[in-house]
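Throughout, read-outs are computed from the coordinates displayed, never taken from laboratory work. Since the model is a prediction, treat every value here as computed from it, not as a measurement. In this analysis, Cβ positions are derived from the backbone assuming ideal geometry, glycine residues included, and neighbour counts consider all displayed protein chains.
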Amino acid sequence: MDNKQIIDKLNILLADYQIYYQNLRGFHWNIQGKHFFQLHDKFEELYTDSALKIDEVAERILTIEGAPLHSFDDYISASTISPVKNVHDGEKSVKTVVDNLRELLSLEREIKEMAIKAGDDGTEDLMSDFIDEQEKTLWMMKAWLK
């Protein structure tokens with residue numbers, strides 16, 4: 001396995017994070033209803049974390065001698081996560097977060113396995129850290145939906 005395959009997958013992850021980030025911003029801005037304060041703050045926490053992860057993924061791509069995607073056209077084309085619009089409902093927004101996190105986790109696990117096979121400890125460690133955090137967030141979001 002060469003760096004190009006890992007770089008390609010990391011660029012898909014970068015695109016997914018950009019769409020996930022924008023979805024979260026939309027939820028933060030547009031949330032309405034009895035859970036407004038709780039979810040407004042949670043979505044801000046999540047998009048702030050996503051912005052950090054976006055930077056880490058882009059820097060990892062550069063570290064392994066790749067070029068990170070950096071246009072919205074590229075993000076839309078490469079992402080496996082769909083953008084959502086005009087979601088005001090707490091339950092629908094949290095369900096979307098759950099779906100987006102599942103997609104991110106699936107790709108991160110795939111990248112981690114690729115990195116293990118390639119002996120790319122840095123990418124493996126980064127994915128492990130992301131997976132640990134997101135599994136907990138996924139559990140919390142699913143608990144909120146019950």
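Show me the GluC sites (Glu not before Pro) within segment 1-83 that DSSP assigns to loop and that have at most 13 other Cβ atoms within 10 Å of their Cβ.
Passing sites in segment 1-83 are Glu65.
So how far apart, in nm, are the two label points at Asp132 and Arg25 if each is 7 Å from Cα heading toward Cβ?
That separation, rounded to one decimal, is 3.0 nm.
So how do 76-84, 120-128 stack up, highest first, on mean other-Cβ count within 10 Å? Numbers along the way, then the final one.
Details: 76-84: 15.6, 120-128: 18.1.
With the highest mean Cβ count within 10 Å placed first, the list reads 120-128, 76-84.
Could you compute the net charge surrounding Trp29? Neighbours are other residues with a C-beta less than 12 Å from the C-beta of Trp29; K and R count +1, D and E count -1.
Details: positive: Arg25, Lys85; negative: Glu44.
So the environment of Trp29 carries a net charge of +1.
Can you check what the net charge comes to around Val57, using other residues whose Cβ is under 12 Å from the Cβ of Val57 (Lys, Arg +1; Asp, Glu -1)? Write down the numbers at each step before the final one.
Details: positive: Lys9, Lys53, Arg60; negative: Asp16, Asp55, Glu56, Glu59, Glu108, Asp129.
Its environment carries a net charge of -3.
Kirkwood Rh, the chain, all Cα pairs: how many Å?
Details: mean 1/r = 0.0644 Å⁻¹.
With all distinct Cα pairs of the chain included, I get 15.5 Å.
Excluding same-chain residues fewer than 8 positions from Lys42, which lysines have a Cα within less than 30 Å of its Cα?
Cross-link targets: Lys9, Lys34, Lys53, Lys85, Lys92, Lys95, Lys112, Lys136, Lys142, Lys146.
Run through segment 12-119 and list the trypsin sites (Lys or Arg not before Pro) located in a DSSP loop whose Cβ has at most 14 other Cβ atoms within 10 Å. Display every interim value, and only then the final one.
On the way: sites: Arg25, Lys34, Lys42, Lys53, Arg60, Lys85, Lys92, Lys95, Arg102, Arg109, Lys112, Lys117; in loops: Lys34, Lys85.
Passing sites in segment 12-119 are Lys34, Lys85.
Can you grab the distance from the C-alpha centre of segment 1-25 to the C-alpha centre of segment 32-103, Å, no decimals?
One Cα centre to the other: 11 Å.
Over the Cα atoms, compute the radius of gyration (one decimal) and Dmax (the largest Cα-Cα distance, rounded to a whole number) for segment 1-67, in Å.
Rg and Dmax of segment 1-67, Cα atoms, are 15.1, 50 Å.
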